[in-house]
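**Q** Just passing along the structure, written as structure tokens.
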Amino acid sequence: MENINHPLFNWIPYKLIEKDNQVYFEWLYVSDIKFAEPFFDETISKCKSHQYNSKIIKAASSVENLIEWSQELESVELKSLVFHVSRCGSTMLSQCLATSSENIMISEGPIFDQILRSDNFGLEKKAALLKAVLKFLGQKRFPEQKNLILKLDAWHIFNAGYLRTIFPEIPFALLYRNPVEVLKSHQKLMGMHMVPNLIPPTVFGITAQEMEGTNFQQYGALVLEKYFKGFLDFYETDENVTLLNYNGGMESVIEKFISFIHVDYSLDERQKMFERLQKHSKDGNVVFKGDSFKEEALEVDFEKVNRLFENLNNILLEYSER
């Protein structure tokens, strides 16, 4: 199957449009642009400058079109779904993996969250749409491409069980970090999921009772608590999952992840990944000098989330001693 001869070669569905009780997908022409930015919405912005995407009339299709057309394209093999608790090295991991010409690295593509959180589809239709979108984003656009890796949004850990039903044989990776360091990073630049009610608390499984008396900073710890609990719950029930701890060092994270997904990268490809660690995860032009956090303590009760963090560490320790 030659993608280059297909009329939708280099086109991807990138946005879900819900209007007048109808659902459409808007499409984007990606030309020969590789998916190399830290976040996929940055890649989308880069592609929008192309003349095909600058026209007043936008390319759109129905749900049925998307699913049908996806069967006509050759896609590279999906190697892993990466879950994370945010500010835990997930962007660095995805940037290191993106240095390999063999990889297609999708880092937090907005369309996946739109499909997962949409009320317009049942679970079966969502599964078909997620597979279809991956076929297009993972289309073989360059001869050397072999592997597709998807890093999800942090709150998608709560969809892990459902995603496992869709991808029963795909390795799932769970990347986490010391919760104090995570929240201190958010203190410097707050992520949307750490702001109360910016994303509905129900997405994280936070109840109205839990929200009562929870201040702004403590809310972030509550979200983290739900993430860590989600990691533990999924790890206990799944057999094709690995834990990755940022605090053990990013070189170790990369080595363990590569081994877990069973990809035999060349020494040159591995070297490029490790060299990327010397630069800032969100800006490859800036040398990474380590994290610098404010010295003052956070006015947060870390007791519950720290206990969950230690539980994850104990699982890692037990596994390493086998």
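The values are calculated or read from the model by the stated rules, or taken from the named source; none is laboratory data. Everything numeric in this text was worked out from a predicted model, so none of it was measured. In this analysis, Cβ positions are derived from the backbone assuming ideal geometry, glycine residues included, and neighbour counts consider all displayed protein chains.
**Q** List pairs: first in segment 219-241 and in contact (Cβ under 8 Å) with a residue 60 or more places away in the chain and surrounded by 21 or more Cβ atoms within 10 Å (Cβ to Cβ), second among the polar types (S, T, N, Q) and assigned to a helix (DSSP H, G or I), Cβ under 9 Å, 6+ apart or cross-chain?
**A** From residues that are in contact (Cβ under 8 Å) with a residue 60 or more places away in the chain and surrounded by 21 or more Cβ atoms within 10 Å (Cβ to Cβ), the pairs are 220/187; 228/311.
**Q** Could I ask something else about it? Just name the residue that is nearest to residue 312 (Cα to Cα) out of those in segment 218-244 that are within 16 Å of the chain's Cα centre (by Cα) and not in a helix (DSSP H, G or I).
**A** Here the residue is 243.
**Q** Additional query: Among (1) touching a strand residue (DSSP E or B) at 6+ places or on another chain (Cβ under 6 Å); (2) polar (S, T, N, Q); (3) buried (at least 23 other Cβ atoms within 10 Å of the Cβ); (4) assigned to a loop (DSSP other than H, G, I, E, B), where does residue 120 come up short?
**A** (3)
**Q** Say we look at segment 245-283 and pick out the residues that are of a type in the set (Lys, Arg) and not in a helix (DSSP H, G or I); which of these is farthest from residue 179 (Cα to Cα)? Give the derivation first.
**A** Restricting attention to segment 245-283, the residues satisfying the condition of being of a type in the set (Lys, Arg) are 256, 270, 272, 276, 279, 282.
Going one step further and asking which of them are not in a helix (DSSP H, G or I), we end up with 279, 282.
Values: 279: 23, 282: 20 Å.
That would be 279.
**Q** Evaluate the following for residue 71: is it at pLDDT 95 or above and out of contact with any helix residue (DSSP H, G or I) (no Cβ under 6 Å at 6 or more places or on another chain)? Step through it out loud before you land on a result.
**A** Numbers: at pLDDT 95 or above: no; out of contact with any helix residue (DSSP H, G or I) (no Cβ under 6 Å at 6 or more places or on another chain): yes.
No: the conditions fail for residue 71.
**Q** Tell me the residue from 37, 77, 72, 42 that is under 26 Å from residue 143 (Cβ atoms), among the charged types (D, E, K, R) and surrounded by 17 or more Cβ atoms within 10 Å (Cβ to Cβ), please. Lay out the reasoning, then the answer.
**A** Working: 77 fails: surrounded by 17 or more Cβ atoms within 10 Å (Cβ to Cβ); 72 fails: surrounded by 17 or more Cβ atoms within 10 Å (Cβ to Cβ); 42 fails: surrounded by 17 or more Cβ atoms within 10 Å (Cβ to Cβ).
From the options 37, 77, 72, 42, the qualifying one is 37.
**Q** Oh, and also: Got a number for residues in segment 191-217 being outside any helix (DSSP H, G or I), among the β-branched types (Val, Ile, Thr) and either touching a residue at least 60 places away in the same chain (Cβ under 8 Å) or surrounded by 15 or more Cβ atoms within 10 Å (Cβ to Cβ) (or both)?
**A** Looking only at that region, the number is 3.
**Q** Just checking, how many residues over segment 146-167 are of a type in the set (Val, Ile, Thr), in a helix (DSSP H, G or I) and crowded, with 18+ Cβ neighbours inside 10 Å?
**A** In the first step, residues of segment 146-167 are kept if they are of a type in the set (Val, Ile, Thr); the result is 149, 157, 165-166.
Going one step further and asking which of them are in a helix (DSSP H, G or I), we end up with 157, 165-166.
Next cut, crowded, with 18+ Cβ neighbours inside 10 Å only: 157.
Looking only at that region, the number is 1.
**Q** Then there's this: Please give the number of the condition residue 170 fails out of (1) surrounded by fewer than 20 Cβ atoms within 10 Å (Cβ to Cβ); (2) over 15 Å from the mean Cα position of the chain (by Cα); (3) not in a helix (DSSP H, G or I).
**A** The number of the failed condition is (2).
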